[in-house]
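Before any comments, here is the structure.
The values are calculated or read from the model by the stated rules, or taken from the named source; none is laboratory data. Quick caveat: nothing in here was measured; it's all calculated off a predicted structure. Glycine gets a Cβ as well: all are built from the backbone with ideal geometry, and neighbour counts include every protein chain shown. Just so you know, the surface numbers come from the protein's heavy atoms only, side chains and all, with ligands and any DNA or RNA stripped out. Shrake-Rupley method; radii C 1.70, N 1.55, O 1.52, S 1.80 Å.
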Amino acid sequence: QLQASGGGLVQAGGSLRLSCAASGSTFSRNVMGWYRQGPGKQRELVARITRDGITDYANSVKGRFTISRDNAKNTVYLQMNSLKPEDTAVYYCNVDARWYGGSEYWGQGTVVTVSS
């Protein structure tokens, strides 16, 4: 249902762009987002975006990460700049349509490693 890509190894200060394409019955009205789970940590929200483009970011990534979506392609993106070692995590894309009578979906995760 959700296919994420774009993770990898990057040096601190570098950039990566994650993509997640949704297919199947993910509902046209939904909130698309990215979560992450670092080593020994709980999964946390990174950023999310409504179909109308309203965004919400974790304080730790504000000013460095930008979330966007292409509704025609059912794809959500996460541009990550000025990466820090503490951004190292498995990043999961999420589609949440529960507010609109649908379901919630998770991608398989993509690994981002930031070296110091």
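Quick check on my filter: what residues within segment 80-116 are within 12 Å of the chain's Cα centre (by Cα), surrounded by 13 or more Cβ atoms within 10 Å (Cβ to Cβ) and in a strand (DSSP E or B)?
Within segment 80-116, 80, 89, 90, 91, 92, 93, 94, 95, 106, 110, 112 qualify.
Test of understanding: among 47, 58, which residue is touching a residue at least 12 places away in the same chain (Cβ under 8 Å) and over 15 Å from residue 20 (Cα atoms)? Walk me through it before giving the result.
Working: 47 fails: over 15 Å from residue 20 (Cα atoms).
So the residue among 47, 58 that is touching a residue at least 12 places away in the same chain (Cβ under 8 Å) and over 15 Å from residue 20 (Cα atoms) is 58.
Could you list, in sequence order, the residues of segment 39-59 that are within 14 Å of the chain's Cα centre (by Cα) and of a type outside the set (A, V, I, L, M)? Walk me through how you get there before you give the answer.
Applying the first criterion (within 14 Å of the chain's Cα centre (by Cα)) to segment 39-59 yields 43-50, 55-58.
Selection gives 43, 44, 48, 50, 55, 56, 57.
Kindly indicate whether residue 17 is surrounded by fewer than 18 Cβ atoms within 10 Å (Cβ to Cβ), touching a residue at least 24 places away in the same chain (Cβ under 8 Å) and assigned to a strand (DSSP E or B).
yes
Out of the residues in segment 66-79 that are more than 10 Å from the chain's Cα centre (by Cα) and not basic (Lys, Arg), state the one that is farthest from residue 35 (Cα to Cα).
Restricting attention to segment 66-79, the residues satisfying the condition of being more than 10 Å from the chain's Cα centre (by Cα) are 69-75.
Now narrow it down to the ones that are not basic (Lys, Arg): 70-72, 74-75.
On the way: 70: 19, 71: 20, 72: 22, 74: 18, 75: 15 Å.
Top of the filtered list is 72.
Return the pairs, sorted by first residue and then second, in which the second residue is among the polar types (S, T, N, Q), the first residue lies in segment 74-86 and is within 13 Å of residue 60 (Cβ to Cβ), the beta carbons are less than 6 Å apart, and the residues are 6+ apart or on different chains.
Here the result reads 85/116, each pair linking segment 74-86 to a residue that is among the polar types (S, T, N, Q).
Testing residue 36 on (1) of a type outside the set (Asp, Glu); (2) in contact (Cβ under 8 Å) with a residue 12 or more places away in the chain; (3) exposed (fewer than 15 other Cβ atoms within 10 Å of the Cβ), one condition comes back false. Which one is that?
(3)
Within segment 63-79, track down each residue that is part of a loop (DSSP other than H, G, I, E, B) and either modelled with pLDDT of 95 or more or in contact with a strand residue (DSSP E or B) (Cβ under 6 Å, 6 or more places away or on another chain) (or both).
63, 64, 74
Name, by its number, the condition in (1) touching a helix residue (DSSP H, G or I) at 6+ places or on another chain (Cβ under 6 Å); (2) in a loop (DSSP other than H, G, I, E, B); (3) open to solvent by less than 70 Å² (accessible area, probe 1.4 Å) that does not hold for residue 53.
(1)
Condition first: of a type in the set (Ser, Thr, Tyr), within 12 Å of residue 105 (Cα to Cα) and over 14 Å from the mean Cα position of the chain (by Cα). Can you find one or more residues in segment 8-22 that meet it? If you could, list the steps in order and put the result at the bottom.
Taking segment 8-22 and keeping what is of a type in the set (Ser, Thr, Tyr), we get 15, 19.
From what's left, within 12 Å of residue 105 (Cα to Cα): none.
No; the residues of segment 8-22 include none that is of a type in the set (Ser, Thr, Tyr), within 12 Å of residue 105 (Cα to Cα) and over 14 Å from the mean Cα position of the chain (by Cα).
Please enumerate the residues belonging to segment 14-61 that are among the charged types (D, E, K, R) and touching a Phe, Trp or Tyr at 6+ places or on another chain (Cβ under 7 Å).
Taking segment 14-61 and keeping what is among the charged types (D, E, K, R), we get 17, 29, 36, 41, 43-44, 48, 51-52, 56.
17, 29, 36, 43, 44, listed by residue number.
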